[in-house]
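Nothing in this text is a laboratory measurement; each read-out follows from the coordinates by a stated rule. Because the structure is a prediction, the values reported are computed rather than measured. Glycine gets a Cβ as well: all are built from the backbone with ideal geometry, and neighbour counts include every protein chain shown.
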Amino acid sequence: MKNIAILGSTGSIGTQTLEIVRANKDLNVVAMTAGSNIELLEKQIREFNPEVVAVWDEEKAELLSQRVKDLDVEVCKGMEGLITAATVDSADIVVLAVVGMVGVRPAIAAINAHKDIALANKETLVTAGHIIMKTAAEKNVKILPVDSEHSAIFQCLNGEKHEQISNLILTASGGPFRNMTRDMMRNVTVEDALKHPNWSMGRKITIDSATMVNKGLEIIEAKWLFDMDIDNIRVVVQPQSLIHSMVEFVDGGIMAQLGTPDMRLPIQYALFYPDRRNLSGERIDFSKITSINFEIPDMDNFRGLYLAREAGKAGGSLPTVMNAANEKAVAMFLNREIGFLDITDIIEKCMDRHQNIDNPSLEDILSVEQDTYDYIDSL
């Protein structure tokens, strides 16, 4: 029996993780967390009987306590609740599926508690990769990628030698606006941006895909996960989303991982690594594929990808600024307070004013995050 804690159980990754639990009787959920969706969380609690649950919204946590008082479950709240769920004694692995920098402190706490991490929160490595990977190595903890692109690279590297890697090649769908210029994107709506052509994801990551900031975050995540220079991490647009990423080796050979767009595959691979298990769902039928296309990403019209790459190359605290500015700007766009192109404009303004800090501490990272939020509020 493998005991898992799911941080973000009501989100897209969390609910798909629970699908895998339902299909595998040797998985047991011991902790769950949610931001504010206590209606769904209560249903999950009653089905999976976790020991501990946490709700980020403290008022909702109190309400949930009343709703599940007939059950033997500890209800926690806020950041301390997330950390409690991430470090519960019985957990073997933590699925980190919360959105944004809120995942940094629970991730570090889980690693220090010797929990393996199934990582679906790229912001954690973007902002604190130097801390996360060093601590994981010291504690002999596995960081198992759940993002489809990083899982693909992880699978391609199974049994290969690191020194023989030449380049990592991340694939991108291009999002809903891949053939549009900035002028054409000027008046796109929230609804337009949420119509991803291939993947079903949460609202924030879907907007990140539309701006292509998401692919920039993945470059930085890949840097830390696979110990690679940014210059050796490339991006190609592959609109069909059949090739999830590739690895080029020093002899020119390239390994690719292919599959239908289904996030359950990388989730399940992380939970049972190094083993594979049967997974229901569609399979690629090569007899029906007439072509697989590749395009060079447009960094002029999708400036978010360029800015994220530059932040990754600079390192230090600049990726935190880029990430925090993006989180705030995306939330403002989803609330219809700013336009779509304002997202990358805000990121650039925040990066331009920042005095970079080399090797930032956790306290530095959290301070820079808040400073970035405050600056955006002042604009």
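For this structure, a couple of remarks:
- For Lys313, the lysines whose Cα falls under 29 Å of its own Cα, not counting residues fewer than eight places away in the same chain, are Lys122, Lys134, Lys139, Lys142, Lys161, Lys204, Lys215, Lys223, Lys328, Lys349.
- For the pair segment 202-224 and segment 1-63, the centres of their Cα atoms are 25 angstrom apart.
- Computed on the chain, with alpha-carbon pairs under 8 angstrom and 6+ residues apart, the relative contact order is 15 percent.
- Of all DSSP beta bridges confined to the chain, the antiparallel ones make up roughly 25%.
- Residue exposure proxy: Met133, Met212, Met79, ordered by other Cβ atoms within 10 angstrom of their Cβ from fewest to most, comes out as Met79, Met133, Met212.
- In terms of overall dimensions, the C-alpha atoms belonging to segment 2-145 reach 42, 33, 25 Å along their principal axes, ordered largest to smallest.
- Mean-position separation - Cα centroids, segment 98-124 and segment 346-374, in angstrom: 20
- The helix-only estimate of mean residue ellipticity at 222 nm for the chain, built from DSSP H runs of length n ≥ 4 each weighted as -39500 (n - 2.57), is -14000 deg cm²/dmol after division by the residue total.
- Cβ crowding within 10 Å ranks Val190, Val236, Val52 as Val190, Val236, Val52, fewest other Cβ atoms first.
- For segment 280-365: rounded, prolate or oblate by the Cα gyration tensor [a/c cutoff 1.5]: prolate
- The mean sequence distance of close C-alpha pairs (under 8 Å, at least 6 residues apart), as a share of the length of segment 2-145, puts its relative contact order at 23 percent.
- Long-range amide H partners of Ala172 with built H, under 5 Å: Val236, Val237, Gln238
- Going by neighbour counts of Cβ atoms within 10 Å, the residues Ile6, Ile108 line up, fewest first, as Ile108, Ile6.
- Backbone HN-Hα couplings from phi across segment 253-260 [Karplus 6.51/-1.76/1.60, Hz, Gly and Pro as x]: x, 10, 9, 10, 10, 10, x, 5
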